[in-house]
Amino acid sequence: MTEFIKYINQFSPLTEEAEFDLLNSLKSITFKKGQFINKEGQICKQLYFIEKGLVKHYYNNKNRIYIFRFFSENNIFTVLDSFINQIPANFTTVALEETSTTFIDHIQLELLCKKHHSIETFIRKTYELSSILILKRIKELFDSDATELYKSFIKENKHLLQRISLGDIASYLGISQVSLSRIRSKK
């Protein structure tokens, strides 16, 4: 839980009272490899911080999986639109490894935001950063071919390469595993 507090303090230094209240609101849970954290159609009611492990967000359309993002240690994740608006999610989140998390419930976070400006600032900055990353991902998909996408993925996720299957990397890039093999063989 202390890593989550350190993470938050990078965005918005917490007052002692805010830190105390936040620590009393946090819970922990560990997900087994392959366990669903949130399924499409469910309302995402938690904001998670990964202490250890790896998860993926994906969208399933006509039996084709589109991986939107991977999250690993010292990152927060949620199904953003579902969490913010408390509506059913369009994305599914699943643990790719045993994943230990610290989390806070939506209702509790809303109460803390009303009480503590520093927590509200952290959440605002988190939403802003998430929006920027989403737009970056969309632009990258529009502007780049598969080879460029792969190079960008390697550059930004080198630390995860041994932890993510080739099938998942191909799905993230929006290509077949055969196409990914061709791209990798050109290196």
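The values are calculated or read from the model by the stated rules, or taken from the named source; none is laboratory data. In this text, all values refer to a predicted model and were calculated from it rather than measured experimentally. Here the Cβ positions follow ideal geometry from the backbone for every residue, glycine too, while neighbour counts run over all protein chains shown.
Output yes when any residue across segment 117-138 is of a type outside the set (A, V, I, L, M), in contact with an Asp or Glu (Cβ under 7 Å, 6 or more places away or on another chain) and at pLDDT 95 or above, and no when none is. Within segment 117-138, none of the residues are of a type outside the set (A, V, I, L, M), in contact with an Asp or Glu (Cβ under 7 Å, 6 or more places away or on another chain) and at pLDDT 95 or above. Among the residues of segment 58-67, is any more than 22 Å from TYR172 (Cα to Cα), more than 17 Å from the chain's Cα centre (by Cα), assigned to a strand (DSSP E or B) and not aromatic (Phe, Trp, Tyr)? Taking every residue of segment 58-67 in turn, none turns out to be more than 22 Å from TYR172 (Cα to Cα), more than 17 Å from the chain's Cα centre (by Cα), assigned to a strand (DSSP E or B) and not aromatic (Phe, Trp, Tyr). Scanning segment 26-43 for residues that are touching a residue at least 60 places away in the same chain (Cβ under 8 Å) and not in a strand (DSSP E or B), we see that the one that is surrounded by the most Cβ atoms within 10 Å (Cβ to Cβ) is LEU26.
The single condition from (1) crowded, with 16+ Cβ neighbours inside 10 Å; (2) touching a Ser or Thr at 6+ places or on another chain (Cβ under 7 Å); (3) of a type outside the set (D, E, K, R) that THR15 fails is (1). Has segment 115-131 got at least one residue that is over 18 Å from the mean Cα position of the chain (by Cα) and either among the hydroxyl-bearing types (Ser, Thr, Tyr) or not assigned by TED's automatic domain parsing to the domain that holds GLN10 (or both)? There is at least one residue in segment 115-131 that is over 18 Å from the mean Cα position of the chain (by Cα) and either among the hydroxyl-bearing types (Ser, Thr, Tyr) or not assigned by TED's automatic domain parsing to the domain that holds GLN10 (or both).
Of the set (1) charged (D, E, K, R); (2) surrounded by fewer than 21 Cβ atoms within 10 Å (Cβ to Cβ); (3) touching a Ser or Thr at 6+ places or on another chain (Cβ under 8 Å), all apply to LYS62 but (3).
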